[in-house]
Amino acid sequence: MAGGHFGPAGVAKERAGQYQGRVTFSVIIACVVAAVGGSLFGYDIGISGGVTSMDGFLLKFFPGVYEKKQHAHENNYCKYNNQGLSAFTSSLYLAGLVASLVASPVTRIYGRRASIICGGVSFLVGATLNASAINLAMLLLGRIMLGVGIGFGNQAVPVYLSEMAPTHLRGALNMLFQLATTAGIFTANMVNYGTQKLEPWGWRLSLGLAAVPAVLMTVGGIVLSETPNSLIERGMQDEGRKVLEKIRGTKNVDAEFEDMVDASELANSIKHPFRNILTKRNRPQLVMAILLPAFQILTGINSILFYAPVLFQSMGFGGNASLYASAVTGGVLCSSTFITIATVDRVGRRFLLISGGIQMITCQVIVSVILRLKFGDDQHLSKGFSVLVVVMICLFVLAFGWSWGGLGWTIPSEIFPLETRSAGQGITVAVNLLFTFAIAQSFLSLLCAFKFGIFLFFACWVLVMTVFVYFFLPETKGVPIEEMIFMWRKHWFWKRIVPGNPNVEDGSTELGERAQRTTE
């Protein structure tokens, strides 16, 4: 690092007070275009549930489920329980898990834009295969290609946004990814609401329209500027400084540029980022990269978003009513993101996560009680209680949107030092998609087994994660991305693990550390 200092993770000096610059038109445009990648993720989440409730789709690929759906007297909670149908939804996320790990070295070696382009092209291929599928194998292959696109996009876009954004607005600009995701979900719900009237081929239009955000993401990846962090890490310091001056709107970027140079020198000394991320000095970030995305899915939100039409039909809503109710929840989720954008850099990440957790627990318990008392295996909810259930689910979705929805992506993307940032984001995406796959594959069976208790199951997890945030997650608001190491050193728990001396770790001398990094 510059000046001969070798910090344990990231830079050796705190220069945050010297950072200068403003929010420029260039950085806003770059972040908006890059965030379109989130719409791919959102569109797929929203489109799956509506498609799997369409009669034309079920007759074509899952006739057994269609027959069960027609039975007049059956267990309300179990009518859609079919592992093949679950595999249609979940196969994408298993493919995305593998792709996210492949995307990590691509993002580091070839830049953030390269992964964004790869994601867009893969998603375009997947959308084409799905829209033209004539058998289940072709359908699943298309889903796998969509998964590859999501793996690359989710790995690169949050990192791109965190690196381009100025420190004081990093949370808000990073939330553009969540805004695009929720807009994609809402768009998918509205598309499903329209295409379900176009039986028996409406499902093809729903799946094929995923090509629109895929094209936008691909073109965006081609025209965007690379992040200054990535350029400097890859040895293009002059070009990196030019980009930094452009996006900050000033030539006085010495302090921020020096932090990036310091971080890049350390990053280039690390030959195996995934091995390095397991070292003690990176323990807090690794814990967050695993638990935060896992907790995000264990809120139960994806179960509602994947299977909203199925879930509402199981509760006795008609086909049109169920799609309308799911469109409402998608709209609520999209609008809730604006709350986070407006508040995340003012009140901080912790407050939003904790307050959102409390509201989610309350809503899930109320829904569970209503279903327990007023909804049996072969009953329908009355109109009044149906409306109350939808209201409670909307309030749950609203709380998720302003808390775990975006921050589950934002926080992991901003806490890693440059040398492990791509690897850390790869782990975050992999864990998120692993749990997404597990919930998507098992939810219909869990609904059949737990019945109303499915909401209590997720409420217990929300309680656990809210307590975890209160005790173990430090506030990252206003902390420069290259100076996060100092935040961990000040935390009541993590300071016992992360060394306080920037030149010594675990009793090692600076010379020993330098030798260790050379071998790594």
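The values are calculated or read from the model by the stated rules, or taken from the named source; none is laboratory data. For clarity, every value in this text was computed on a predicted model and none was experimentally measured. Note that each Cβ is placed from the backbone with ideal geometry, even for glycine, and that neighbours are counted across all protein chains shown. Side chains included, ligands, DNA and RNA excluded: accessible areas come from the protein's heavy atoms. Shrake-Rupley method; radii C 1.70, N 1.55, O 1.52, S 1.80 Å.
Here are the numbers for this structure:
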item	result
Exceeding the 19 Å Cα-Cα cut-off - candidates LYS280/LYS495; LYS60/LYS197; LYS242/LYS271; LYS271/LYS477	LYS242/LYS271; LYS271/LYS477
Surface share of carbon and sulfur [accessible, 1.4 angstrom probe, percent] for the range 352-481	76
In Å², nearest 10: area of TRP201 left accessible to a 1.4 Å probe	130
Per residue, in Å², the accessible surface of the range 201-309 once ligands and nucleic acids are set aside, probe 1.4 Å	34
Value of D in µm² per second that Stokes-Einstein yields for the range 134-276, Kirkwood Rh from Cα pairs, at 25 °C (0.890 mPa s)	134
Quotient of Cα Rg and 2.2 N^0.38 Å for the range 355-506, N being how many residues it contains	1.35
Additional length obtainable on full extension of the chain from TYR110 to GLN237, 0.36 nm per residue less Cα span	44.2 nm
Peptide ranges 288-297, 23-32, 388-397 listed from the most packed, as the mean C-beta count within 10 angstrom indicates	288-297, 388-397, 23-32
Linear extension gain, SER132 paired with ARG283, 0.36 nm per residue minus alpha-carbon span	49.7 nm
Accessible-area order (highest first, 1.4 angstrom probe) of the listed residues LYS271, LYS60	LYS271, LYS60
Alpha-carbon centroids, the range 158-236 and the range 420-445: separation in whole Å	18
Percent accessible area from carbon and sulfur atoms, the range 128-268, protein chains only, probe 1.4 Å	68
Kirkwood-based shape ratio for the range 176-227, expressed as Rg/Rh from alpha carbons	1.11
In nm, spacing of pseudo-spin labels at LEU463 and PHE274 (7 Å Cα→C-beta vector)	3.7
ASP254 - accessible surface, heavy atoms, 1.4 Å probe, Å² rounded to 10	80
Shape category assigned to the range 404-478 from the gyration tensor of Cα positions, a/c cut at 1.5	oblate
Accessible area in square angstrom per residue, the range 108-148, 1.4 angstrom probe	39
